[in-house]
Structures are given as C-alpha cells and as structure tokens.
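What follows is a single structure, written as structure tokens, with notes after it.
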Amino acid sequence: AQKITQTQPGMFVQEKEAVTLDCTYDTSDPSYGLFWYKQPSSGEMIFLIYQGSYDQQNATEGRYSLNFQKARKSANLVISASQLGDSAMYFCAMRKRSNTGKLIFGQGTTLQVKP
Amino acid sequence: EPEVTQTPSHQVTQMGQEVILRCVPISNHLYFYWYRQILGQKVEFLVSFYNNEISEKSEIFDDQFSVERPDGSNFTLKIRSTKLEDSAMYFCASTEEAGSGYTFGSGTRLTVV
C-alpha cells in the first residue's frame with residue numbers, strides 16, 4: 001500500500017535561515033509523482049513543487065527545492081532564506097500514476113518562522 | 001490564472017440535514033476530485049470523477065455521499081444526512097490529465113452542529 005510519512009509535527013526556523021522538511025514515502029510502483037503543498041492559516045492549498053519518479057534532477061522552484069533520494073524513498077523540501085510568510089502547514093503528497101490520479105497526503109509539518 | 005472556485009466558503013448545518021458543496025473546476029480540466037481535511041489533520045481523498053462517473057472512491061465515501069456534474073461546469077458533493085464527524089474542510093480539485101497539474105479550490109469549511 002502507498003504511504004507518505006512526515007515525522008516532524010512542528011518545526012521552527014529563524015528568518016533568513018534555510019529549513020528542511022522531511023518526507024518519506026512507500027510505494028511499489030515504478031512511476032509516481034511527489035508534491036509539496038503549503039497551507040497557510042487561511043486554509044487554502046498552495047502548490048509548491050513537483051518531482052517525478054523518473055526525473056534525473058532535483059526539482060527547484062524559486063526558494064523551494066526538493067531533495068529527492070529515490071533509493072531512500074525520501075523527498076525532503078528545502079526552503080532557503082525563510083521569510084515570516086513561510087509560516088504555515090506543509091504537506092507532502094504522492095500521486096500514483098493511474099486512471100484516477102488521486103493524491104495521498106502525509107500528516108503535515110507546521111513551520112514557524114521566527115523574526 | 002485559472003482557478004477552481006468553491007462555494008460557500010463556510011457552511012453551518014444541523015446534524016441530519018443535507019448539504020451540497022459546490023465547485024466550479026477549471027474549464028478544460030477533465031478529472032475532478034473531492035478531498036476532506038478534519039481540523040488539524042491530514043488531507044484525505046474522498047472521490048475522483050471522470051467522464052461523468054466516479055472513477056475511484058475511498059472508504060470514507062459511503063452511501064451518505066454523492067457527487068454530480070449537473071451542467072458541465074459545476075461539480076457538487078452532497079452529504080445526505082450530516083453527522084457531527086462530517087465537520088471538516090472540503091477541497092475540490094481538478095486536473096487536465098490524471099495526476100498532473102492539480103489545482104485546488106480554497107475549500108468549504110463545513111460545521112455540523
């Protein structure tokens with residue numbers, strides 16, 4: 001069965017520092033996709049970054065990068081130069097390539113950026 | 001940028017009442033989803049919908065739940081007889097292809113009292 005695990009319920013980071021949010025996954029499918037979403041206190045789900053299982057390079061989007069280690073089945077999110085507006089809940093999710101494309105989410109990590 | 005629109009943003013309903021949550025997916029998207037997030041917990045898949053029928057549903061999506069795409073633009077989630085434990089944020093999402101480029105709506109917060 002597919003599973004996503006985020007082991008850090010809460011994290012603190014100093015403004016302007018980098019932070020890594022952990023995500024491990026379990027799947028037997030050779031083809032899958034990994035996503036990170038940000039959920040601020042207002043509740044909406046904001047897409048941050050995507051990594052395909054066959055992608056050779058780690059994904060990057062501005063201050064966000066995904067440290068993809070396929071053999072370890074980990075897909076950690078790295079946020080560089082943290083800003084106060086980065087304080088939010090962060091969810092890792094996995095998509096199985098199938099006819100439905102549903103996402104399976106991890107439990108989430110709450111990030112607090114300190115001034 | 002195209003958006004997925006959900007209405008209402010908040011709904012309070014009495015236990016046992018029927019509720020309909022509405023979503024307008026992005027117009028050229030073909031796959032539609034409902035997810036649920038109980039306060040402080042992870043986001044859970046409810047149902048996926050393609051070609052005017054349910055393509056997959058979770059164990060949460062029991063007989064009390066139904067989905068419809070009545071007019072080619074709206075995508076609705078109906079809960080027939082709400083329970084206290086149905087209180088949650090409900091997210092609609094759509095994609096052009098299965099598993100790519102998900103766009104989430106801003107959610108409907110449902111409170112059952």
Looking only at the range B:1-19, count every residue that is surrounded by fewer than 19 Cβ atoms within 10 Å (Cβ to Cβ) and closer than 19 Å to residue A:40 by Cβ and tell me the total.
5
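So how many residues does the range B:14-31 have that are outside any loop (DSSP other than H, G, I, E, B) and either free of Cβ contacts under 8 Å to residues at least 12 places away in the same chain or over 18 Å from residue B:2 (Cα atoms) (or both)? Before the answer, list the steps.
Of the residues in the range B:14-31, the ones outside any loop (DSSP other than H, G, I, E, B) are B:19-24, B:31.
Within this subset, residues satisfying the condition of being either free of Cβ contacts under 8 Å to residues at least 12 places away in the same chain or over 18 Å from residue B:2 (Cα atoms) (or both) are B:19-21.
Number satisfying all stated conditions: 3.
For every residue, the table says whether it meets (1) within 11 Å of chain A (Cβ to nearest Cβ); (2) in a strand (DSSP E or B); (3) closer than 26 Å to residue B:1 by Cα.
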residue	(1), (2), (3)
B:33	yes, yes, yes
B:45	yes, yes, yes
B:63	no, no, no
B:71	no, no, yes
B:85	no, no, no
B:94	yes, yes, yes
B:97	yes, no, yes
B:109	yes, yes, yes
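Can you find a residue in the range A:56-67 that is surrounded by 14 or more Cβ atoms within 10 Å (Cβ to Cβ) and either touching a Gly at 6+ places or on another chain (Cβ under 7 Å) or under 23 Å from residue B:29 (Cβ atoms) (or both)? Working first, answer last.
So the first thing to find is which residues in the range A:56-67 are surrounded by 14 or more Cβ atoms within 10 Å (Cβ to Cβ), and the list is A:58-59, A:63-67.
Then drop every residue that is not either touching a Gly at 6+ places or on another chain (Cβ under 7 Å) or under 23 Å from residue B:29 (Cβ atoms) (or both), which leaves A:59.
Scanning the range A:56-67 turns up at least one residue that is surrounded by 14 or more Cβ atoms within 10 Å (Cβ to Cβ) and either touching a Gly at 6+ places or on another chain (Cβ under 7 Å) or under 23 Å from residue B:29 (Cβ atoms) (or both).
Identify all residues within the range A:28-52 that are over 18 Å from residue A:85 (Cβ atoms) and either in contact with a Pro (Cβ under 7 Å, 6 or more places away or on another chain) or crowded, with 18+ Cβ neighbours inside 10 Å (or both); write none if there are none.
Pass one, the range A:28-52, residues over 18 Å from residue A:85 (Cβ atoms): A:28-35, A:50-52.
Across the range A:28-52, the qualifying residues are A:32, A:33, A:34, A:35, A:50, A:51.
Would you mind stating whether residue A:110 is β-branched (Val, Ile, Thr) and at pLDDT below 90? Walk me through it before giving the result.
Working: β-branched (Val, Ile, Thr): yes; at pLDDT below 90: no.
When the stated conditions are applied, residue A:110 does not pass them.
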Within the range B:20-35, which residues are surrounded by 22 or more Cβ atoms within 10 Å (Cβ to Cβ) and closer than 21 Å to residue B:112 by Cβ?
B:21, B:23, B:34, B:35
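The values are calculated or read from the model by the stated rules, or taken from the named source; none is laboratory data. Values in this document were obtained by computation on a predicted structure and should not be read as measured data. Every residue, glycine among them, receives a Cβ derived from its backbone with ideal geometry; neighbour counts consider all protein chains shown.
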